[in-house]
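Read through the structure below, which is laid out as structure tokens, and then see the notes.
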Amino acid sequence: MVLVPRPPRPVPGASRTHRAGRRLPRHLVGRTPGDPAPRARAPGHVVASLGTFGSMATLARDHEPPAAPATVAVLLAPVSFYLGLFLPAESTARHLVLGTVFGVSGVLCGWRALRIAGRRRAVRAWAWVGGVICLLGLVMLYWQVLVLVTGGAFPPPFWSPYANR
């Protein structure tokens, strides 16, 4: 005779479906009728987690639409590309700082949009477009800086007006 352990009994209220077969809202899953109602939290509200380390706190995740950083990346892409095309003889440091800020911001926005896009193909496509064009602008800008710093030992890019000296 083989004894088979009995499966554990379900916790009251832990079912994801109601008795009528409808799905319960997420905030009601696992609650019993006597539990107090959960309090609403504002975005960015600090929630204390009483896990292993009772005093640690975590920030509640903000719900950011993934199209927002993708749009920012696409809007920053032409600016980054334009700043990477030519390195001016005057105010080179300011041009370099602006190009770096726009390019890095566009790449990071595109990366952020890719991370939170999920299965949204249009958002992922535009995030890739914006991120790649910003990265291309950064590469173009720093290629010219490398030519300037090495005094022409590094070959100038083909689009540069100084390439055919």
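So residue 40 fits all but one of (1) at pLDDT below 80; (2) under 22 Å from the mean Cα position of the chain (by Cα); (3) open to solvent by 40 Å² or more (accessible area, probe 1.4 Å); what number is the exception? Residue 40 satisfies every listed condition except (2). Residue 94 meets all of the listed conditions (1) within 23 Å of residue 158 (Cα to Cα); (2) over 17 Å from the mean Cα position of the chain (by Cα); (3) not polar (S, T, N, Q) but one, namely (1). Checking each residue of the stretch 60-73 against the condition of being of a type in the set (Gly, Ala, Ser), in contact with a strand residue (DSSP E or B) (Cβ under 6 Å, 6 or more places away or on another chain) and not in a helix (DSSP H, G or I) gives at least one match.
Restricting the stretch 117-155 to residues that are small (Gly, Ala, Ser) and under 22 Å from residue 94 (Cβ atoms), which is surrounded by the fewest Cβ atoms within 10 Å (Cβ to Cβ)?
151
The values are calculated or read from the model by the stated rules, or taken from the named source; none is laboratory data. Fair warning: this is a prediction, and the values are worked out from it, not measured in the lab. Ideal geometry is used to build each Cβ from the backbone, glycine not excepted, and the neighbour counts take in all protein chains shown. The accessibility values were calculated without ligands, DNA or RNA, using every heavy atom of the protein model including side chains. Shrake-Rupley method; radii C 1.70, N 1.55, O 1.52, S 1.80 Å.
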